[in-house]
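Read through the structure below, which is laid out as structure tokens, and then see the notes.
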Amino acid sequence: MASRMPVALACEALTKPWNVMRVFQSDGYIGRVPEHYKKFYWEWKVAPKTPVHYIPAPGNFERLPSGEVKPVQNVPILLKEPTELHKGIWGGEAIIKGFVKKKPTKRRVPRYWIPTIKMSVVYSEILDRYMRLHVTERTLTLIDQHYGFDSYILNTPPADLMSELALKLRREMLLALIRETLYPDNPSKKQQILEKYKEHIIPEEEAEWFGLTLKEAGIKQKTIEDDANTPQPLKHAFRAEFIEYLKNKKEDQEKEEQEKEEKVSLSQTSWLSRVNPFAKKSEDS
């Protein structure tokens, strides 16, 4: 059995890498969150991001001018995510820390490359709301490529959305689609939006966990367990049983009344058939 454990863990790491993340190996509340949240968190924090600040080399091998063949190593650039990133939507961009050497005889000095942030207004047709957000030029380009802000938010992987604000908006959109709370005064527009984004409708339980940070997920799990372990007053159970008893009694009474009405109608029909001279007589009569 001991020799099989590494194989099992290796298979788990390949098929479901979110289950072997160290952050979910604790005995606390965060270790008991649903698996779909673990998958989301892995897709947000660990999954590979779309290259934005570098151009990956094609293929698996390359030949040097000297004739030597070596494997291609596309190492992603380490990105720094400041607090301001999570308050806007930067389209996969972030801050890069590097070094520059201004003169050959001078030592290199550190430098930060910061994307240009601008304030822009975007419209969500699912939420029917205009929002002023801090975005980059790449964010606006991606919104145009997806033909709308909602399609960009719903179709972009969490790793490329990056910001907590974008994920919170996606969670709000998913819940609006699932609960059908959008456009309450315009049924035709509501059906149009539901039909347009029907492939994004997921179970409500998964949508409620989507976009939560580790701290928020731990608090949610704690609330669920506390509610499940809280003793309920017996009066609530008795009330529910009494209501169920009344419902069953009413159904039985309605069933008895219906049977009586059927018997009365059958008796009237048989009486009319005996009186009616043109009615078809049975062989016994």
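Listed by chain and number, the lysines whose C-alpha is less than 23 Å from the C-alpha of Lys106, apart from same-chain residues fewer than 8 away, are Lys97. Gain on full extension, evaluated as 0.36 nm per residue between Lys168 and Lys222 minus their Cα-Cα distance, stands at 17.4 nm. Compute the long axis of helix 187-196 from its Cα atoms, compare it with the longest principal axis of the Cα atoms of the chain, and write down the angle in degrees, 0 to 90, nearest 10. That works out to roughly 50 degrees.
Only DSSP H runs of four or more residues enter the estimate; each adds -39500 (n - 2.57), and after division by the residues of the chain the mean residue ellipticity at 222 nm equals -14500 deg cm²/dmol.
Which order do the peptides 125-137, 64-76 take when ranked by the mean count of other beta-carbon atoms within 10 Å per residue, highest first?
Working: 125-137: 15.8, 64-76: 8.3.
By packing density, highest mean first, the sequence is 125-137, 64-76.
Against the main long axis of the alpha-carbon atoms of the chain, helix 214-229 sits at an angle near 30°. For the set Lys102/Lys168; Lys168/Lys189; Lys168/Lys196, the pairs lying more than 32 angstrom apart at their alpha carbons are Lys102/Lys168.
Annotation: aspartates and glutamates with alpha-carbon distance below 18 angstrom to Lys190 (same-chain offsets under eight excluded): Glu125, Asp128, Asp150, Glu172, Glu180, Glu199. Roughly how many Å is it from the Cα centre of region 124-157 to that of region 35-74, as a whole number? Between the Cα centres of region 124-157 and region 35-74 lies a distance of 26 Å. Peptide packing: for 165-172, 111-118, the average count of neighbouring Cβ atoms within 10 Å per residue gives the ranking 165-172, 111-118, highest mean first. Cross-link reach is defined here as a Cα-Cα straight distance under 26 Å, omitting same-chain residues fewer than 8 places apart; for Lys247 the lysines meeting it are Lys235, Lys255, Lys260, Lys263. Computed from Cα atoms, the angle from the helix 164-179 axis to the main principal axis of the chain rounds to 20 degrees.
Dipole check for region 14-128: with +1 at the C-beta of Lys and Arg, -1 at the C-beta of Asp and Glu, and the Cα centre as origin, the magnitude is about 980 Debye. Over 19 Å apart at the Cα level, from the set Lys49/Lys220; Lys45/Lys215; Lys39/Lys215; Lys45/Lys222; Lys87/Lys118; Lys87/Lys222, are Lys49/Lys220; Lys45/Lys222; Lys87/Lys222. In nm, what is the difference between 0.36 nm times the number of residues separating Glu180 and Gln258 and their Cα-Cα distance? Separation in residues times 0.36 nm, less the Cα-Cα distance, equals 24.3 nm.
Every number in this text was worked out from the coordinates using simple rules, so none of it is lab data. As the structure is a prediction and not an experimental result, all values here were calculated from the model. Glycine gets a Cβ as well: all are built from the backbone with ideal geometry, and neighbour counts include every protein chain shown.
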